[in-house]
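These notes concern the structure reproduced below.
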Amino acid sequence: MPDKKLFLLTTALITIGIICSYTLSAYTVILFEYNNFHFVIRELFIATISILLMWSIAQLDPDEWLHPLGLTLFWGGIFLMIIMPFLPSFLVSEVGGAKRWIKIVGFSIAPVEFFKIGFVYFLAWSFSRKLGHHGGMGVMEEFKRFSPYAALFIVVMFLIAVVQNDLGQVVVLSLTLAFMLFFAGSSFRFFLSLIMGAVGFFLLFIAMAPHRIDRILSWWASAQSTILAFFPESIAKHLRIENGEEAYQIGHSMNAIHNGGILGTGLGNGTFKLGFLSEVHTDFVLAGIAEEFGFIGVLFVTFLFIAILHRLFKIANRSLEDTDYLFSLGVGLLITFAFMINAYGISGLTPIKGISVPFLSYGGSSMLASAIGIGMVLMLSKKIKYESGDKK
């Protein structure tokens, strides 16, 4: 049997996401004159499909289905991201000059969300075949062994960060790649080298786009007082930006969190969702939860994420095959980094990256892709033999 606890925890998080799509979308509903239940009906429809799909995938034979499903997501995602810029406007949705969504019967699908699951599987499958423990080899030898993956990732970065103008997804994928490589047996020195290289590429992509530089400066104007308090004044005065324009969204997000306090304002009683935070039911869903459900609500949601990650990592730890181990670990890492980057962004600790919260943010692609990833791990969990007293 698949891991029932993982399935129920994920379903609980999806249910909270449905509630948020109703209570946090009030201003958008009024602004665009939608039906009051416009977003919740669409989210409920996607959530139902996601839960059914997750459980259906869990019933499949992992030895027969995991490999073709994983590679289909990987190669299919790359193919769709390559052809998207050339598709006519009636087939794709364009935002800020970038084509990120394919239109399908009233819904928009983001191929990058499904590609991320395929990318994790491809890495898990390939690492288990090509890599072992570094065995004392030098960093340069490890770089030679890693070079094919580096070439692949450069192509991925171009497709996502340049063509789709979505740097946030590249950050999530690069962190996942680095940590999976480390757990696949690479040395700690090589791991640190990759992290430093990723930071370098990240700074390069920021420097290539003036709007990203403006976003960083805007974030720093908001965060500098808190951060520079830990520095000596002789250093802080050189880092401080005078009369900097503070980030509008981050300011209102932090005010919403403060307004929620410990217990929150109550379901439907939030005020910062009423035009202060744009589309709070998507990227700022955690700020909306913090206002209406307070610290207790955020703590509960965080507990659900931690419980899901615990099940994912436990399945990974008990997997006998390297591919199963690395894939389960990779899905957990994707969820971890997406949650952390979003949480740090809405609280002002880091610049906002536009990363949705898995299962909570409104949007069909993210929920469907995450459900497929969990379903594939549930499929693998049937191969795990649990000890007595720890049955599912």
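The values are calculated or read from the model by the stated rules, or taken from the named source; none is laboratory data. As the structure is a prediction and not an experimental result, all values here were calculated from the model. Cβ placement follows ideal geometry from the backbone for every residue including glycine, while neighbour counts extend to all protein chains displayed. Heavy atoms of the whole protein, side chains included, go into the accessibility calculation; ligands, DNA and RNA do not. Shrake-Rupley method; radii C 1.70, N 1.55, O 1.52, S 1.80 Å.
Starting from the 7 Å offset along Cα-to-Cβ, what nm value, one decimal, do you get for the label separation of residue 317 and residue 236?
4.2 nm
Anything over 25 Å Cα to Cα? Flag those among 5/383; 99/130; 116/273, in the order listed.
99/130; 116/273
Quick one: ranking 13, 263 by accessible area, 1.4 Å probe, largest first, what do you get? All intermediate terms of the calculation are to be shown ahead of the outcome.
Numbers: 13 0, 263 135 Å².
Reading off the accessible areas and sorting them downward yields 263, 13.
Pull out a ≥ b ≥ c, the square roots of the eigenvalues of the alpha-carbon gyration tensor of the stretch 200-351, then state rounded if a/c is under 1.5, prolate if not and a/b is larger than b/c, and oblate in the remaining case.
Values: a/c = 2.13, a/b = 1.27, b/c = 1.67.
Here the stretch 200-351 falls in the oblate category.
So if each residue of separation counts as 0.36 nm, and I subtract the Cα-Cα distance between residue 141 and residue 263, what length gain in nm does that give?
Additional length available on full extension: 38.5 nm.
Rounded, prolate or oblate, given the Cα gyration tensor of the stretch 45-85, with a/c below 1.5 counting as rounded?
Values: a/c = 6.16, a/b = 1.34, b/c = 4.61.
Because a/c hits 1.5 or more and a/b fails to exceed b/c, the stretch 45-85 counts as oblate.
Residue 35 versus residue 129, label points 7 Å from Cα toward the beta carbon: distance in nm?
4.9 nm
If DNA, RNA and ligands are ignored and the probe is 1.4 Å, what is the ranking of 101, 219 by accessible area, most exposed first?
Details: 101 75, 219 35 Å².
Order by accessible area, largest first: 101, 219.
Within 12 Å, Cβ to Cβ, of residue 273, how many net charges do the neighbouring residues add up to if Lys/Arg are +1 and Asp/Glu are -1?
Details: positive: none; negative: 279, 291, 292.
Value of the local net charge: -3.
Sort the stretch 52-115 into rounded, prolate or oblate with this rule: let a ≥ b ≥ c be the square roots of the eigenvalues of the Cα gyration tensor; rounded if a/c is under 1.5, and if a/c is not under 1.5, prolate when a/b is larger than b/c, oblate otherwise. Provide the component values of the computation, followed by the final result.
On the way: a/c = 3.47, a/b = 2.06, b/c = 1.68.
Cα axes put the stretch 52-115 in the prolate bin.
Using the Cβ atoms and a cut-off under 14 Å, what net charge is assigned to the surroundings of residue 125, where Lys and Arg are +1 and Asp and Glu are -1?
On the way: positive: 129, 130; negative: 63, 321, 322, 324.
With Lys, Arg at +1 and Asp, Glu at -1, the net is -2.
With every protein chain kept in the model, how would you rank 15, 302 by accessible area, 1.4 Å probe, largest at the top?
Numbers: 15 65, 302 40 Å².
So, going from the largest accessible area down, we get 15, 302.
Tell me what the chain gives for mean residue ellipticity at 222 nm when only DSSP H runs of n ≥ 4 count, each as -39,500 (n - 2.57), the sum divided by the residue total, rounded to 500 deg cm²/dmol.
Estimated from H runs of four or more residues: -22500 deg cm²/dmol.
Expressed as a rounded percentage, what relative contact order does the chain have, with Cα pairs under 8 Å and six or more residues apart? Intermediate values should be presented prior to the final figure.
Numbers: 529 pairs, mean separation 110.6, N = 392.
Worked out over the chain, it gives 28 percent.
With a cap of 10 neighbouring Cβ atoms within 10 Å, and only residues DSSP puts in a loop, list the GluC sites (Glu not before Pro) found in the stretch 13-93. Kindly include the intermediate steps, with their values, before the conclusion.
Values: sites: 33, 43, 64; in loops: 33.
Loop-located and lightly packed - 33.
What are the membrane-span-like helices in the chain by this rule: whole DSSP H runs, Cα extent along the axis at least 15 Å, mean Kyte-Doolittle hydropathy at least -0.5?
The answer, listed by residue number, is 4-23, 38-58, 62-83, 111-130, 139-157, 167-183, 188-207, 210-228, 285-318, 322-346, 364-381.
Once the dipole of the chain is set up with Lys and Arg at +1 and Asp and Glu at -1 on Cβ about the Cα centre, which of 143, 351, 35 lies farthest towards its positive end?
The Cα lying farthest towards the positive end belongs to 143.
Could you tell me the center-to-center distance, by alpha carbons, between the stretch 13-49 and the stretch 326-382 in angstrom?
20 Å
Using +1 on the beta carbon of Lys and Arg, -1 on that of Asp and Glu, and nothing else charged, what's the dipole of the chain about the Cα centre, debye to 20? Display every interim value, and only then the final one.
Numbers: 26 positive and 25 negative charges, 145 e Å.
In debye, rounded to 20, the chain gives about 700.
For the stretch 1-156, with only Lys/Arg (+1) and Asp/Glu (-1) charged at the beta-carbon, what is the dipole magnitude about the Cα centre, in debye rounded to 20? Before the final figure, lay out the partial values.
Working: 11 positive and 10 negative charges, 47 e Å.
Computed about the Cα centre, the dipole is about 220 debye.
Can you give me the accessible area per residue for the chain, using a 1.4 Å probe, in Å²?
Heavy-atom accessible area per residue stands at 47 Å².
Treat each spin label as a single point 7 Å out from the Cα along the C-beta direction, and report the residue 349 to residue 103 distance in nm.
Each label point lies 7 Å from its Cα, and together they span 4.0 nm.
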